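The values are calculated or read from the model by the stated rules, or taken from the named source; none is laboratory data. Note that the coordinates shown come from a computational prediction; the quantities given were computed from them, not determined experimentally. Glycine gets a Cβ as well: all are built from the backbone with ideal geometry, and neighbour counts include every protein chain shown. These area figures cover heavy atoms from the full protein model, side chains too; ligands, DNA and RNA do not enter into them. Shrake-Rupley method; radii C 1.70, N 1.55, O 1.52, S 1.80 Å.
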Amino acid sequence: MKWKQQINGLKAYQPGRSIEDVKKEYGLEKIVKLASNENPFGSSNKAKEWVQSYDSSYALYPDGYTTVLRSALSEFLGVDEKQLIFGNGSDELILIISRALLEPGKNTVMATPTFPQYRHNATVEGAEIREVPLVDGAHDLDAMLAAIDEQTAVVWLCSPNNPTGIYINNEHLIQFLDKVPNDVLVVLDEAYYEYVTADDYYNALEVAKNYSNVIVLRTFSKIYGLASFRVGYGFGSEEIIRALEPVREPFNINTLGGGAALAALADQEFVNKCKEENKKGLEQFYQFCQKENLDYYPSEGNFILIDFKCDSDQLFEYLMKKGYIVRSGNALGCPGAVRVTVGSHDQNEGVIQAMKSFIVENAIRQ
Ligand SMILES: *Cc1c(COP(=O)(O)O)cnc(C)c1O
C-alpha cells in the first residue's frame, strides 16, 4: 500500500481503561472514573428528557447545517450564525483545521505537554511540528512567538491547558496576538472554559471580534456532560469559518447529539451548579496536596495534575486496584505525576484517601 509516510508507526488513540474492563480484572464492584475529565454529575435532565422524547425517524439524515442549535448558540454567544462551525466533538474541529491548513512544507506551533490531538493531526498531514515546552505549567508565549516563521500555518493554544490546568491571562494573550502575523491561524482551545473563575481571564468573544485570525473551540463534552454525543463548536471571523466549512463532513452533528446539546444549553443552572461544585472539589485536592507537601498546579479546569515524584504507573495501578481510574503522568508527558478529574465530594474524598494510603505504604516523602 502507498500509505502516507508519516503515518508509518503512528499509534492509534489509547483510550483510558473502561469501567467494565477494570471491574472484571480486579473483581471490583464499584469503579470511579476520574481519567477523562467527564462531568461527575452527568448532564442536564433537560437533555435526558429531550432524548427520551425524540420520536422522529432514525432513517432520516440529520440537518447538515445544525440549524436549530446554530441559531440558539448564535443568540447565546452573541455571534453571527456564519461565525459558527460544528464538529463531532472539538476533536473533529482540530482535524478539520489541520486538514485545511497543514501539509508538508508547513509547520505548526504548540506547547508541550498539551492536548495530544494537535500533534497527532499535524503528523497525519505531514506538517513540521514545533513544540515549545511549558514553563511552570503555562504556555511560554514568547518562545512560541519566536518559533513562528513564514511557513507557520497554525498555532495551538490550550487555555486552561490540559493536563496542567493553567490558563492564559488576558494581558498575555493580547500581547501575544498583537505580534502573531495575521495570516497565521491561532486556535484557542477552551474545552474547559465554563469552569474558569479567574478574574484576569480574557473574553474570548471580544478576542475573536478583534482578531480575525483567531478561532475559539468549545465543547459540550466537559461541563455539559454530553461527551458520548460528540458535539463541539468553534467561533471566529466569517472568513475563517467560510474557509473551513467545505472541509467539514456534511452530517457530522447527529440528530440526537444536536438535540441534546440544544436542551443542555438551555439549562445554565446545571452548568453553574457544576462550576460551583468543581471549585469546592478543587479545594479538597489543594488541601490534601498542601498537607502532604505535594506539588500541584492550581487548576482552572475540572482536573488537577499532582506531582508525587514517584513512578506514575505504579500509583495509577495502585489507585485502580482501589477502584479509582486516573491518568498516569507517563501517558501525558508528566512523569512522576497523575492527572485526576475532579469528581463529586465523596469521589474526591475516596481517591484522596487512596492516595494517602499509597503515600504511607510506599513511604513517599516530599
Ligand atoms: C476533552 C478535550 C477536547 C475534546 O473534546 P471533544 O469531546 O472532542 O469535544 C479538546 N480539547 C481539550 C483540551 C480537551 O481536554
Residues located in region 13-37, provided they are part of a loop (DSSP other than H, G, I, E, B) and at pLDDT 90 or above: GLY27, LEU28, GLU29, LYS30, ILE31, LEU34, ALA35, SER36, ASN37
Test: VAL79 is buried (at least 18 other Cβ atoms within 10 Å of the Cβ), away from the ligand (no atom under 16 Å from the Cβ) and of a type in the set (Val, Ile, Thr): yes
The one condition in (1) open to solvent by 30 Å² or more (accessible area, probe 1.4 Å); (2) more than 21 Å from GLY137 (Cα to Cα) that CYS274 fails to fulfil: (1)
Search result, residues across region 12-27 that are under 20 Å from the mean Cα position of the chain (by Cα) and either of a type outside the set (A, V, I, L, M, F, W, C) or open to solvent by 100 Å² or more (accessible area, probe 1.4 Å) (or both): TYR13, GLN14, PRO15, GLY16, ARG17, SER18
Failed criterion for ASP142 (all others in (1) buried (at least 22 other Cβ atoms within 10 Å of the Cβ); (2) more than 22 Å from LEU101 (Cβ to Cβ) hold): (1)
Residues of region 45-61 satisfying the condition of being away from the ligand (no atom under 16 Å from the Cβ) and within 14 Å of SER228 (Cβ to Cβ): LYS48, VAL51
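Would you check if LYS309 is among the basic types (Lys, Arg) and either assigned by the TED database to the domain that holds GLU131 or in contact (Cβ under 8 Å) with a residue 60 or more places away in the chain (or both)? Steps first, answer last, please.
Details: among the basic types (Lys, Arg): yes; either assigned by the TED database to the domain that holds GLU131 or in contact (Cβ under 8 Å) with a residue 60 or more places away in the chain (or both): no.
When the stated conditions are applied, LYS309 does not pass them.
Let's see how each residue does on (1) within 21 Å of the chain's Cα centre (by Cα); (2) within 21 Å of ASP346 (Cβ to Cβ):
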residue	(1), (2)
LEU265	yes, no
GLN268	yes, no
CYS274	yes, yes
LYS280	yes, yes
TYR286	no, yes
GLU292	no, yes
TYR297	yes, no
GLU300	yes, no
ILE304	yes, yes
Given (1) closer than 16 Å to SER36 by Cα; (2) in contact with a Lys or Arg (Cβ under 9 Å, 6 or more places away or on another chain); (3) open to solvent by 60 Å² or more (accessible area, probe 1.4 Å), index of the condition ARG339 fails: (3)
Whichever residue in region 297-317 is open to solvent by less than 40 Å² (accessible area, probe 1.4 Å) and more than 24 Å from LYS222 (Cα to Cα) and, among such residues, is nearest to the ligand (Cβ to nearest atom): SER312
Within region 113-139, considering residues that are over 16 Å from VAL186 (Cα atoms) and within 18 Å of the chain's Cα centre (by Cα), the one most open to solvent (accessible area, probe 1.4 Å): PRO116
Evaluation of ILE129 against (1) within 16 Å of the ligand (Cβ to nearest atom); (2) part of a strand (DSSP E or B) (one fails), failing number: (1)
Breaking point among (1) open to solvent by less than 50 Å² (accessible area, probe 1.4 Å); (2) within 16 Å of the ligand (Cβ to nearest atom), for LEU294: (2)
Residue satisfying all of: in region 38-70; part of a helix (DSSP H, G or I) and under 24 Å from the mean Cα position of the chain (by Cα); surrounded by the fewest Cβ atoms within 10 Å (Cβ to Cβ) among these: ASN45
Filter result for the condition that a residue is in contact (Cβ under 8 Å) with a residue 60 or more places away in the chain, closer than 29 Å to GLY165 by Cα, assigned by the TED database to the domain that holds VAL207 and part of a helix (DSSP H, G or I), over PHE76, PHE86: PHE76
Selected residue [more than 12 Å from the ligand (Cβ to nearest atom) and open to solvent by less than 30 Å² (accessible area, probe 1.4 Å)] from LEU93, LEU34, LEU101: LEU34
